[in-house]
Every structure is written in structure tokens, then in C-alpha cells.
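Presented below is the structure to which this report refers.
The values are calculated or read from the model by the stated rules, or taken from the named source; none is laboratory data. These figures come from a predicted structure and were not determined experimentally. Positions of Cβ are backbone-derived with ideal geometry, glycine not excepted, and every protein chain shown enters the neighbour counts. Accessible surface areas use protein heavy atoms only, side chains included; no ligands, DNA or RNA. Shrake-Rupley method; radii C 1.70, N 1.55, O 1.52, S 1.80 Å.
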Amino acid sequence: MKLYQNEISSATSRVRIALALKGLTAEVLPISILGEEAESRQAGYRSVNPQGLVPALLTDDGVLITQSLAIVEYLDEVQPQPALLPDTAEGRAQARSIAAEIHALLPPRIGLHLKTTFQADADAIAGWSRHWVGEGMAAVETMIAGRRPGAFAVGDRPGVADIFLFPQAISARRMGFDLARWPNIAEIVGRLETIPAFQENAPAPRR
């Protein structure tokens with residue numbers, strides 16, 4: 001397998017965590033994602049992934065899979081153990097609902113659009129990100145608190161919900177948020193940080 005990725009990308013972090021939990025490896029192909037000249041915006045990479053996003057996974061059969069949730073669920077199907085989705089239909093739906101929150105409003109292409117179309121400066125773009133991270137994390141905290149049945153976001157083993165929550169929480173902390181304001185998230189993230197698959201595959205800080 002080949003993984004098109006960027007080390008600062010929280011979406012890439014999700015796939016790297018899933019690979020580590022499954023004991024799978026992939027050849028890493030770095031793709032730059034910041035700025036107007038980023039590789040992700042160029043024709044060369046768009047010919048591989050028309051969405052121009054990372055991560056993207058090229059399977060051993062030559063099939064390209066895009067979007068981190070699709071990739072993580074693909075890995076869960078080809079390597080069933082340890083399972084990343086709960087056993088019940090309700091549990092799987094809950095995990096996916098947590099996975100779907102926050103990230104779409106934050107990728108570099110959003111910041112670039114705000115800059116080029118609305119003349120937003122760095123402070124305005126940072127304020128945009130902080131707003132949506134704060135609102136999204138508060139919503140996830142409420143979702144988890146209202147139905148948390150185990151040690152992790154959904155259940156007693158780390159899974160899809162945790163794989164998506166962890167990189168976002170690490171990014172929120174780097175933005176200056178104190179995770180203690182979201183006690184369930186803080187407890188779960190503290191537990192995940194003791195697991196090498198999570199700790200070693202957190203998104204890298206932006207330089």
C-alpha cells in the first residue's frame with residue numbers, strides 16, 4: 001500500500017493511527033498542503049487524487065481510496081482485528097457521528113480561501129479555526145457525556161471515534177485550549193496518550 005500524506009494533517013494522523021493499531025504498514029509519500037503552491041493543489045497530485053486532499057491510500061490492488069473515514073473503514077475490513085467499530089449498529093452509528101464533526105471547516109484550503117477571497121489575515125483565520133474547534137469540541141463533549149458507556153469515546157476499546165477525536169484534541173491543545181474544559185474528552189485523550197499507536201502518530205505541529 002502507498003499512503004499519500006502530510007505529517008501536520010490531522011486526517012492523515014487518523015489513518016496512521018489505524019494502520020498502527022492494525023499492525024499494517026504503507027509506503028509513505030509526502031505531499032505538501034500549505035500555500036498556493038502546495039503539491040496538493042497541483043495537477044500532478046490531482047491526477048492521482050482529484051479531490052486534492054490528504055490522506056489518500058493506494059491499495060495493493062491499485063485502487064485509490066480517499067477520505068480518512070473511508071480509508072479507516074477499509075483497513076478495518078481487510079484486517080478485522082482489532083476491530084475499530086463497535087459490535088452493535090447503534091454503537092457504529094455513534095462512533096461515526098463523532099467522527100463526522102469539526103474537521104471539514106479547518107483544512108489549509110479553507111484558510112487559503114478565506115485569505116484570497118475575503119482578505120482574511122492570519123489573526124482572522126486563526127480566530128475562525130478557534131471558533132469552530134471550540135464549538136465542535138463542546139458538541140462532541142456533550143455527545144460523549146450523554147451516552148458514554150465505557151473507557152473510550154464509544155465503548156471499552158479504542159476505535160474509530162477515538163481515532164478521529166485524538167488528533168483534533170491534540171490540535172485544539174496546540175491552539176491554546178485547555179482540554180479540562182471538556183472533562184470527558186480530556187480523560188479519554190489522557191488514556192489514548194498512553195497507547196503508542198496514538199502517541200506516535202499524532203499530527204506534527206505546524207512550523
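Of all residues in the stretch 15-40, count the ones that are of a type in the set (D, E, K, R) and in contact (Cβ under 8 Å) with a residue 24 or more places away in the chain.
Looking only at that region, the number is 4.
On the given criteria, is Ser97 closer than 22 Å to Leu34 by Cα, touching a residue at least 24 places away in the same chain (Cβ under 8 Å) and of a type in the set (Gly, Ala, Ser)? It would help to see each step written out before you state the result.
On the way: closer than 22 Å to Leu34 by Cα: no; touching a residue at least 24 places away in the same chain (Cβ under 8 Å): yes; of a type in the set (Gly, Ala, Ser): yes.
So Ser97 fails the test.
Give me the residue from the stretch 30-63 that is within 21 Å of Lys115 (Cβ to Cβ) and among the acidic types (Asp, Glu) and, out of that set, modelled with the highest pLDDT.
Of everything passing the filter in the stretch 30-63, Glu39 is modelled with the highest pLDDT.
Restricting to the stretch 53-68, count the residues that are out of contact with any strand residue (DSSP E or B) (no Cβ under 8 Å at 6 or more places or on another chain) and surrounded by 19 or more Cβ atoms within 10 Å (Cβ to Cβ). Don't jump to the end; show me each part of the working.
The first filter runs over the stretch 53-68 and keeps only residues out of contact with any strand residue (DSSP E or B) (no Cβ under 8 Å at 6 or more places or on another chain), leaving 60-63, 67-68.
Add one more test, that the residue is surrounded by 19 or more Cβ atoms within 10 Å (Cβ to Cβ), and what stays is 68.
The total comes to 1.
Return the pair list, or none, for Cβ contacts closer than 6 Å from residues in the stretch 119-139 that are part of a helix (DSSP H, G or I) to residues that are loosely packed, with under 13 Cβ neighbours inside 10 Å, at least 6 apart or on different chains.
Listed pairs, sorted by first residue: Arg130/Met175.
Please go through the stretch 160-175 and give me each residue that is open to solvent by less than 10 Å² (accessible area, probe 1.4 Å), without any contact (Cβ under 8 Å) to a residue 60 or more places away in the chain and of a type outside the set (A, V, I, L, M, F, W, C), ordered by number.
Asp162 - this is the single residue of the stretch 160-175 that is open to solvent by less than 10 Å² (accessible area, probe 1.4 Å), without any contact (Cβ under 8 Å) to a residue 60 or more places away in the chain and of a type outside the set (A, V, I, L, M, F, W, C).
Which strands (runs of 3 or more DSSP E) sit wholly inside the stretch 1-108 and have at least 3 residues that are over 30 Å from Glu141 (Cα atoms)?
2-5, 27-30
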